[in-house]
């Protein structure tokens, strides 16, 4: 009996120690409606430059993120990709709203996430709770990367989200901050409708593997603030930057 208990404990411990690495491809686009196009014509009368702006927002490059997690915690980090072996090139980068170019730490036991942000050379640590959504299963299924997944959706006001999750993973794991399903989310599509157009975010897992050992890092450097506090600070800093630019370049607001 003691041997059986010891074996069960060993299996339980082994299962909890499992670590997975998932690579996600993300694509964020903004589709202007008629009102958005008309306003853009006013701010950018040059047809060529306006077309460049529309194209940059409609079809920006895809960006990639790595999600490493175990039962208790996770890291999300940006993956730099070199295009056609040409090295670093200037390009228009758009990433999902809740992602950043540094790295994030998820605590599944506390239901919180911590992300490192850099604002003009000053570091901040933003701590918040995951956002719980009341997802509804649609009954649809499909296979993604060898895993059977189920579709679930949520909609409120101008925000709609559809996810495909793998229930083989018994808890809610997501590279994004939304929770509400029991499983690993392998695909996520978000539609946000605004007055001048739609913002469409697609997040798709393209690789998944189990890894034997890794260190999940928790950021420690920077002033700790909430997301709302960071947004206020960012607005103030940008306002001062714009005022300085206007003074330096002699811009007349009249």
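Please treat every number below as a calculation from the coordinates, not as lab data. Nothing here was measured: the structure is a model prediction, and the numbers come from that model.
The table for this structure:
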read-out: The chain: radius of gyration over Cα atoms, expressed as a fraction of 2.2 N^0.38 Å; value: 1.20
read-out: Most mobile of 61, 51, 43 in a GNM of the chain (Cα contacts under 10 Å); value: 43
read-out: GNM result for the chain, Cα springs below 10 Å: residue of 67, 124, 159 fluctuating most strongly; value: 159
read-out: Gap separating the Cα centres of region 15-44 and region 48-63, nearest whole Å; value: 12 Å
read-out: Extent along principal axes [Cα atoms of region 101-149; Å; largest to smallest]; value: 47, 24, 19
read-out: Between 0 and 90°, nearest 10: helix 47-58 axis offset from the chain longest Cα axis; value: 10 degrees
read-out: Highest-MSF residue in the chain out of 224, 202, 215 [GNM, Cα springs under 10 Å]; value: 215
read-out: MRE, 222 nm, helices only [DSSP H, n ≥ 4, -39500 (n - 2.57), over the chain, to nearest 500]; value: -7500 deg cm²/dmol
read-out: Cα-based helix-to-principal-axis angle, 227-249 vs the chain, degrees rounded to 10; value: 30 degrees
read-out: Cα-only radius of gyration and Dmax that characterise region 132-254, units Å; value: 20.7, 64
